[in-house]
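Chemist: Just passing along the structure, written as structure tokens.
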């Protein structure tokens, strides 16, 4: 039985995780480029168009888009409505994870560890409040694993097969990684029925599997196929496909980068934390395979199926897209820690406890976000600041800022606060010098507006465009916020 202190620790971390997610949600940070492109799809498209490839090189499951649009139509077009579904997914993920911890029967001294890592992970906090399907993917994955454990093979009745067929078929339209989770569910029941020599169960399972396959085929033809054929998207994700030429050194370097991206958000960003976490994950996998092969299949098959699809370049292992795998890795590591605790003496246990605290300690920094801004690229503040300056001349919106600017100026419920007079939306191939030269006689000055300034490369491109502007004009004013900026230039020889 867990002690009062253990139960209290679990609840403290669970509550902290919920409070942090609510703070990130209520802070309503500016949408970044991918969110903005998805928000434009939500705002511009009718419901039926969510069941075909989306605009602006975006992918999101059709039913996720449907529910997002329902939220916008009921609550208004703003960040809170757009991010409501991811917030719910992030909360459900925490509770489902707690229930799975109980199913694993972790030793009480270890139970706080996986909850703390999941609740405080900066990566999971961000994507629990971002207009993307990643938190709902993870919540659905754990929900299906819990449902399978609640209905083990020996308890399955005809109605349960119908339930699985329906729920599984629908889930694919709500979460693409559900395909991998259903592979695990199918393997779990197949293993159980095979051990029981339950021919009827195997037959019913095959019928449910056929429904899943038909549903996935329809999804692939109508929505997914177009994405796999876009060379731009394939090239973008090339570094995140599971390498198959493992005899080459570059493949192992690529594999190391992939696993760092998948494991560090839940096992720690430090070298020591990762070494500890990976060791526990491997030990936990081995022990769970020995002691609970059915549960091991349920957790491991989705991981292996995902890797196999990635090897065929059908699924990207970029961390945010594969976020649903992270709680599974953490479960295995927690099981490894629990097994190590059970088989150790006092001094080894104290050392293990110290190592777990060391692994979790960096994540405590997430608490510093409470009461502070969660902005990543604060375009809203830049646009409001530019309007407050009331300077004449057109505003040239850099191509990387165009999606967010379009959403805020055309669709946001407070669009009047963000729409700039004389806006000019630049594309990736716009000749800025030629455009500015053409405006020289018409205006005394102009704004350059940038967003997504979150990398050295993006800031270098901003500096290049500012250098072009400075051939013709002098900077007179600036509005700079985190990840976004606006600069007003007066033409040489012109009156302000």
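Chemist: Would you mind listing the helices (runs of 4 or more DSSP H) fully within segment 275-380 where at least 2 residues are in contact with a helix residue (DSSP H, G or I) (Cβ under 7 Å, 6 or more places away or on another chain) and modelled with pLDDT under 95?
Modeler: Passing ranges, in order: 346-360.
Chemist: If only one of 297, 303 is within 22 Å of the chain's Cα centre (by Cα) and surrounded by 17 or more Cβ atoms within 10 Å (Cβ to Cβ), which one is it?
Modeler: 303
Chemist: Taking segment 259-274 only, how many residues are at pLDDT 95 or above and out of contact with any helix residue (DSSP H, G or I) (no Cβ under 7 Å at 6 or more places or on another chain)?
Modeler: Qualifying residue count for the region: 3.
Chemist: Scan segment 263-273 and tell me whether some residue there is under 25 Å from residue 121 (Cα atoms), over 19 Å from the mean Cα position of the chain (by Cα), outside any helix (DSSP H, G or I) and in contact (Cβ under 8 Å) with a residue 40 or more places away in the chain.
Modeler: yes
Chemist: Hey, does segment 209-225 have a residue that's over 24 Å from residue 59 (Cβ atoms), in contact with a helix residue (DSSP H, G or I) (Cβ under 9 Å, 6 or more places away or on another chain) and at pLDDT 95 or above?
Modeler: Residues of segment 209-225 over 24 Å from residue 59 (Cβ atoms): 209-210.
Then keep just the ones that are in contact with a helix residue (DSSP H, G or I) (Cβ under 9 Å, 6 or more places away or on another chain); that gives 209-210.
Of the ones still in play, those that are also at pLDDT 95 or above are 209-210.
Yes, segment 209-225 contains at least one residue that is over 24 Å from residue 59 (Cβ atoms), in contact with a helix residue (DSSP H, G or I) (Cβ under 9 Å, 6 or more places away or on another chain) and at pLDDT 95 or above.
Chemist: Hey, does segment 27-35 have a residue that's in contact with a strand residue (DSSP E or B) (Cβ under 9 Å, 6 or more places away or on another chain) and either modelled with pLDDT of 95 or more or not in a helix (DSSP H, G or I) (or both)?
Modeler: yes
Chemist: Can I ask one more? Do we find that residue 208 is assigned by TED's automatic domain parsing to the domain that holds residue 300, more than 27 Å from the chain's Cα centre (by Cα) and assigned to a helix (DSSP H, G or I) in this structure?
Modeler: On the way: assigned by TED's automatic domain parsing to the domain that holds residue 300: yes; more than 27 Å from the chain's Cα centre (by Cα): yes; assigned to a helix (DSSP H, G or I): yes.
Against the criterion (assigned by TED's automatic domain parsing to the domain that holds residue 300, more than 27 Å from the chain's Cα centre (by Cα) and assigned to a helix (DSSP H, G or I)), residue 208 qualifies.
Chemist: Can you say whether residue 110 is assigned by TED's automatic domain parsing to the domain that holds residue 163, at negative phi and out of contact with any helix residue (DSSP H, G or I) (no Cβ under 7 Å at 6 or more places or on another chain), as far as the supplied structure shows?
Modeler: Considered against the rule, which asks whether it is assigned by TED's automatic domain parsing to the domain that holds residue 163, at negative phi and out of contact with any helix residue (DSSP H, G or I) (no Cβ under 7 Å at 6 or more places or on another chain), residue 110 comes out as no.
Each row is one residue, and each column tells you yes or no for (1) surrounded by 15 or more Cβ atoms within 10 Å (Cβ to Cβ); (2) within 27 Å of the chain's Cα centre (by Cα).
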residue	(1), (2)
201	yes, no
216	yes, yes
225	no, yes
231	no, yes
240	yes, yes
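Chemist: For segment 141-173, give me each residue that is assigned to a loop (DSSP other than H, G, I, E, B) and surrounded by fewer than 18 Cβ atoms within 10 Å (Cβ to Cβ).
Modeler: Residues satisfying the conditions are 151, 152, 157.
Chemist: Can I ask one more? Could you check segment 396-490 for strands (runs of 3 or more DSSP E) lying wholly inside it with 3 or more residues that are within 30 Å of residue 77 (Cβ to Cβ) and in contact with a strand residue (DSSP E or B) (Cβ under 6 Å, 6 or more places away or on another chain)?
Modeler: 423-425, 445-450
The values are calculated or read from the model by the stated rules, or taken from the named source; none is laboratory data. As the structure is a computational prediction, the values presented were derived from the model and not from experiment. Ideal geometry is used to build each Cβ from the backbone, glycine not excepted, and the neighbour counts take in all protein chains shown.
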